[in-house]
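In what follows, a structure is listed as structure tokens, so that the remarks can point back to it.
The values are calculated or read from the model by the stated rules, or taken from the named source; none is laboratory data. Remember, predicted model here, so these are calculated numbers, not experimental data. Quick reminder, even Gly has a Cβ in these numbers, built from the backbone with ideal geometry, and neighbours come from all protein chains shown. For the accessible areas, the whole protein counts, side chains as well, though only heavy atoms, and no ligand, DNA or RNA atoms are used. Shrake-Rupley method; radii C 1.70, N 1.55, O 1.52, S 1.80 Å.
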Amino acid sequence: MEFQRRARAANKTILIIDDDESIRKSISMHLEDNFYKTLTAENGREGIEIFDQTHPDLVLVDLRMPEVDGYEVIKYIYKSAPEVPLIVVSGVNSIQAAIDTMKIGAWDFLTKPVTDHSVLIHSIEKGLDHADLFFEKQKADKKFYDLFNTVSDYLYSYDLNGYLIEVNQTFKNEIGYSEDVLDGVDAREIMSEELIPGFEKSLKEILIKKKDEGNFQIRSKNGKVLFVEYNNTLVYDDAGKPAFISGSARDVTLREQAEKEKKAAKRHVAEQEKKALVGQIAGKLAHDFNNILGAIMGRAQLSLLHSKNKKVIQSLQLIVEQSLRGKSLTQNLVAFAKNQEPRQETIEINNKIDLVLNLMERDLEGAEIVRDYKASIPTLIADPGMIEHVLVNIIQNSVHAMSKTKSPKLILRTYYLNGKICIELEDNGCGIPLEHHNDIYTPSFTLKGGKDVSQSYGDNIKGTGYGMANVKNYVEKHKGEISFKSVIGKGTQFTLALPLIKKELTGKEIKEVEKTTIHKGKNILLVEDEKAISDVQSRVLSREPFKHKVDIAGTGHLAIKMFKENDYDFISLDYLLPGGLNGMDVYNQIRDINKAIPILFVSGNIEFLESIEDLRKKDPNLDHLSKPCQNKDYVESINRLFTGSKS
């Protein structure tokens, strides 16, 4: 024990500040006899200077000194180094002096003369013990705050009025206040307004329940929405009264998104099952039904050529009109039910609109047509048949809506905005009632014919109810968006926004991709029968920053032949292929030869989508992108597969 005491003393330096030289020497000699190192100063000013230069472990200080007295020394040292013990050794024998010095930072108070030096040594040792505890506490506090600020959960506390006491760095970083001091800030100031009532309610309830847990939605400084799962606890003071609220929260945004996607997927599957059922029925009935309609319509048209009776002619014309309506209904029903994957061809959208307008010239007779096409609109890669079907349906609806308009007018606008080719179709027809705005894409819904209670349409206009359902379906198959605004008696405007698939990565996209792991100079087999798509994908992969060597196979048979004859590092594979072998057949044959080569399916086929998830669980070197896909998503998927590949 004595050895340890001496060892510690030998490593400690004590500063003695006293204007009496004899006292300085006496104390210094005694301390050095006890193995301490000493420094001396004859007044407060000199003492402060020596302290700043040497940083001693403990200070002995007199109170009454010239220039700077002991009180000022204590205040200065305690403020700059609160961990250093300050022991007053003074001739002022006053309880009030002892109290005053303790208040401003002194550790102990001894009166002169110090006749028993063991009392001084005891006080010094206790002071150094206190300093050691202070340092240990600092270390523990640092460990705690390091953990507090780096833990992945959000940690926080706030008072009973909602003012923040402490927030960990993780939380501050996530909500966009990484550089801000939030201590003392009203939590409501960093919330969006719609969340404040819920927060204030929880402040009241936790006083009763003592605990509060649940889910909460917060919005970061830049507007990002976070879903969190929180757990708050009421903390009490020593008197047993509620003091503040301490809590933790966990970001569950990804889980919420996954749950939404799961629900959306279930709705999608249910919708596809409904379509499949309709498709089975429609497919079986369409052929026979159209044959029957064809016979009826043909006979009626032949009879019209020879009939002279006015009433008979009217009846025959009605038969022909209803037969045509039946044919249209069958076509729309089959189109709605089909799980058809869009073909990918280049389309000049302004030319496509003009083509449709020419085809519908007779329907548009008497209407003013205004073309407001922006020049230099990029080429669209899409299914020309589907796009034509969308335009025909919307324009046909406009024609019907303007059937009672005195001066019908149809305005068609095209422009390019935020990576999307936009088409606006605006008419001055009857408009869509507000109460039916949510119904227009519902299969079998129509406001025409027998449903035209407001008599907004011409007497001869009928609707199948599947036209707009098909329009929405086709737009979504191209990962596009459709919206509309409509006012009764003034007209309707539909806006289509179709994503542009560029022929190469933009400079911005290249910079974003370069932030991730990039794999270069690989041999890639691209299996794709749509030339417009294979040209784009091949161009993107073979240029900077990837410089891959790309071979293209347009059929399944050619893909297998090329795979057997060449060494490839990666397969990009479509599902629907001509020639008898589909993408799954190609995949199975490749896996029989090579179990680990990365394979990326690129397909929007419903039949394929229903089976891919189970396949991905079994094959870690397989992934899927739905058509149409953006170039950036395509190359990032390839890079991810390369990075995670076990080949």
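Based on DSSP H runs of at least 4 residues, each adding -39500 (n - 2.57), what is the mean residue ellipticity at 222 nm of the chain after dividing by all its residues, to the nearest 500 deg cm²/dmol? Write out the running numbers ahead of the final one.
Working: 19 runs with 298 residues, N = 647.
Estimated from H runs of four or more residues: -15000 deg cm²/dmol.
Would you please classify the overall shape of the range 521-631 from the alpha carbon gyration tensor, given that a ≥ b ≥ c denote the square roots of the eigenvalues, rounded means a/c under 1.5, and beyond that prolate means a/b larger than b/c while oblate covers the rest?
In terms of gyration-tensor shape, rounded.
At 1.4 Å probe size, with every protein chain present, just tell me what the per residue accessible area of the range 78-147 comes to in Å².
I get 61 Å² per residue for the range 78-147.
Within the range 1-78, which chymotrypsin sites (Phe, Trp or Tyr not before Pro) sit in a loop by DSSP and count at most 15 neighbouring Cβ atoms inside 10 Å?
35
Just to confirm my numbers, what's the Cα centroid distance between the range 470-492 and the range 548-576 in Å?
39
Going by the alpha-carbon gyration tensor, a ≥ b ≥ c the square roots of its eigenvalues, is the range 15-54 rounded (a/c under 1.5) or, if a/c is not under 1.5, prolate (a/b greater than b/c) versus oblate?
Oblate, since a/c reaches 1.5 and b/c is not below a/b.
Accessible area, 1.4 Å probe, largest first: how do 248, 376 sort?
Descending accessible area places them as 376, 248.
From largest accessible area down, sort 130, 478; use a 1.4 Å probe on the protein chains.
130, 478
I'd like to check one number: the per residue accessible area of the range 536-605, probe 1.4 Å, reported in Å² as a whole number.
Heavy-atom SASA per residue in the range 536-605 reads 41 Å².
Which distance in Å, rounded to a whole number, links the C-alpha centroids of the range 343-401 and the range 127-204?
Using only Cα atoms to place each centre, the spacing works out to 59 Å.
Using just the Cα positions, wrap the range 1-153 in a convex hull and report its mean projected area in square nanometres, one decimal place.
Quarter of the Cα hull surface area: 10.8 nm².
Treating cross-link reach as a plain straight distance, find the aspartates and glutamates whose alpha-carbon is under 19 Å from the alpha-carbon of residue 139, omitting any fewer than eight places away in the same chain.
Once the sequence-local aspartates and glutamates are set aside, what remains near residue 139 is 57, 83, 129.
Using only the heavy atoms of the protein chains and a 1.4 Å probe, how would 208, 99 rank by accessible area, largest first?
208, 99
Taking the Cα atoms only, what angle lies between the long axis of helix 70-80 and the longest principal axis of the chain, rounded to 10 degrees?
The angle comes out near 30 degrees.
Expressed in nm², what is the orientationally averaged projection area of the convex hull enclosing the Cα positions of the chain?
That works out to 48.8 nm², a quarter of the Cα hull's surface.
Compute the Cα gyration tensor for the range 525-580, then decide on rounded, prolate or oblate, letting a ≥ b ≥ c be the square roots of its eigenvalues: rounded whenever a/c is under 1.5, prolate when a/b is larger than b/c in the other cases, and oblate in all that remain.
On the way: a/c = 2.75, a/b = 1.34, b/c = 2.05.
Verdict is oblate for the range 525-580.
Helix 196-209 versus the longest principal axis of the chain: what is the Cα-based angle in degrees, 0 to 90, to the nearest 10?
It works out to around 60 degrees.
Got a number for carbon plus sulfur as a percent of the chain's accessible area, 1.4 Å probe?
The value for the chain is 52 percent carbon and sulfur by accessible area.
If you line up the long axis of helix 583-593 against the longest principal axis of the chain, both from Cα atoms, how many degrees apart are they, to the nearest 10?
Taking the Cα atoms of the chain, the angle to 583-593 is about 60 degrees.
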